[in-house]
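The values are calculated or read from the model by the stated rules, or taken from the named source; none is laboratory data. Computed from a predicted structure; not experimentally measured. Counting neighbours? That spans all protein chains shown, and the Cβs are built from the backbone with ideal geometry, glycine included. Just the protein is used for accessible areas: all its heavy atoms, side chains included, with ligands, DNA and RNA removed. Shrake-Rupley method; radii C 1.70, N 1.55, O 1.52, S 1.80 Å.
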Amino acid sequence: MSTRENQASYQAEEPAAAEKGVLNGSDKNEELFASNPNVLEVEKADPEDLQRIRGDAIGDTLYSERFVLNTLLKLSKLEKNLQEEEEMEKDLCTLWDMTLDADIIEYLLKQDVLTLFAEVIKATNDKRLTEILVGILANMCDVKKTRDELCLQESQLVEVLLDLSGCLDALTLQQLMRLWAVIFVKSPTEHIEKWYDLVCKDGQFIENICFILNNAINHKVLLQTLETLNAVLAKFALLDSPAKSFTELFIKSEVVNATMEAFNTILTDNAGQENDTDELEKKEVKIKQTFCNIHSILTQYQQYSEEAYAAHSEDILQCMKKILKPLALKVDIETWQTFELEVFETLSDLLEILPRCFDPHLSSYLIKIWLKFLQTQQSSASTEFEEELNHQGLSDKCLQLLLLMLTEASNAELQENLKTVQSEHKGRFLKSVEKLEKNGCLVKAYDKIKNALGE
């Protein structure tokens, strides 16, 4: 693995490792502090040395003001690539680590680094330098003042960062998407229209997002880009009447297809891995939850949504089957959390706008999940699970989705699909279906089910 890959993104553990060798001798304190601003072992320092350190410190930190200014000055005069300037790369990585501290971010803003970074990023072809500067900015965007300056002052940097979404470097894109996700997740409602206008003004941002999702193979880039798209959709969907139609920008076939491409790339690659199964499961839950969140938004625009999904009906259901199958195989549904609940909502939203069709695998998974609800309800001595997750509501939602699927099934397909409820569960199944609030479509499905079960 290359040095650049090792330093691809900020690691929270790195500062601790750098701190161990600091302040080993009083005669070297000043030299060490000037080259390495991470100073935590202050209790070992002489009072005179400590006073000198604090005199050079930024805010309430023990980070050196001189180090920061020297690094920014060298950056402004940098002419070579970082590959030829190892010491400069080390200093910039240290500055990157330092930007976990709000005092450092405030200080950098006073030094007008947004303008400096914009000029450097725009002028350089050095991928590593761009990655580090964008990573620093992503950390800085965690502080409200940074986001305000970017948005309200229409910083030159915004244009540069939007344009950068078209770059082809995976490590830079990972930091860039992290930056945009932070901005859109944390920006207040009153700033959203301004951000919307800036994105529309760029014209290529959404197209670049789709290109990344369609073509990237780096899982971190794909997941971070999906999370950014999710944050963008969630915030922009709140706008009442934007200058350019939200549906025109986002509710289109290209966006739907791009999210499926990214989703399938990650899950297909994960299937061949033999890593820590718990860690892998957490990653898969994250990608599946993000995917569901995105499509819960994209499906809310009736005719526009129907048109956007028209060419992808089979493919999107294939994605949902990849999400539902593990849930149907789970032994214990009492461990279900928010993610599993969102899956039902997303599938419901999709079935509302997709052409009616029968999918035997999808309906089979729904039946198995409903039976697990039934078994849990029968075996549970308390109502705690029912109260926490609205057990009956989930069971009803599962049946409603099943009825929507079974509406288009033939009698033979119904009989085959309902074999698992033919015996002791048949009566309970029909009673549960009877209690549902049914529109015309669900009434038709109910009658077909009764006939298929011989009732």
THR225: net charge of surrounding residues, Cβ under 12 Å, Lys/Arg +1, Asp/Glu -1, itself excluded? 0
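How about the stretch 280-370: which chymotrypsin sites (Phe, Trp or Tyr not before Pro) there are in a DSSP loop, with at most 10 other Cβ atoms within 10 Å of their Cβ?
none
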Taking 8 Å as the Cα distance limit and 6 or more residues as the minimum spacing, I'd like the relative contact order of the stretch 123-187 as a percentage. 50 percent
Go through VAL443, VAL185, VAL421 and list them by solvent-accessible area, largest first, probe radius 1.4 Å. VAL185, VAL443, VAL421
Over 21 Å between Cα atoms: which of LYS144/LYS201; LYS321/LYS444; LYS321/LYS368; LYS330/LYS444 fall into that group? LYS144/LYS201; LYS321/LYS444; LYS330/LYS444
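Can you list which of the GluC sites (Glu not before Pro) found in the stretch 146-226 are DSSP loop residues with at most 14 other C-beta atoms within 10 Å?
Values: sites: GLU149, GLU154, GLU159, GLU190, GLU193, GLU207; in loops: GLU154.
Counting only loop positions with at most 14 other Cβ atoms within 10 Å, the GluC sites (Glu not before Pro) in the stretch 146-226 are GLU154.
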Protein accessible area in the stretch 162-269, 1.4 Å probe - carbon and sulfur %: 52 percent
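With a cap of 14 neighbouring Cβ atoms within 10 Å, and only residues DSSP puts in a loop, list the trypsin sites (Lys or Arg not before Pro) found in the stretch 347-377. Don't skip to the answer; put the middle values down first.
Working: sites: ARG356, LYS368, LYS372; in loops: ARG356.
Counting only loop positions with at most 14 other Cβ atoms within 10 Å, the trypsin sites (Lys or Arg not before Pro) in the stretch 347-377 are ARG356.
Please give the per residue accessible area of the stretch 40-199, computed with a probe of 1.4 Å over protein heavy atoms only, in Å².
Accessible area per residue: 46 Å².
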Counting pairs of alpha carbon atoms under 8 Å apart in space and at least six apart in sequence, what relative contact order in percent does the stretch 40-199 give? 19 percent
Once all protein chains are kept in place, ASP142 shows an accessible area at probe 1.4 Å, nearest 10 Å², of 80 Å²
For the stretch 40-199, rounded, prolate or oblate, judged on the Cα gyration tensor with a ≥ b ≥ c (square roots of eigenvalues), a/c < 1.5 rounded, else prolate if a/b > b/c? oblate
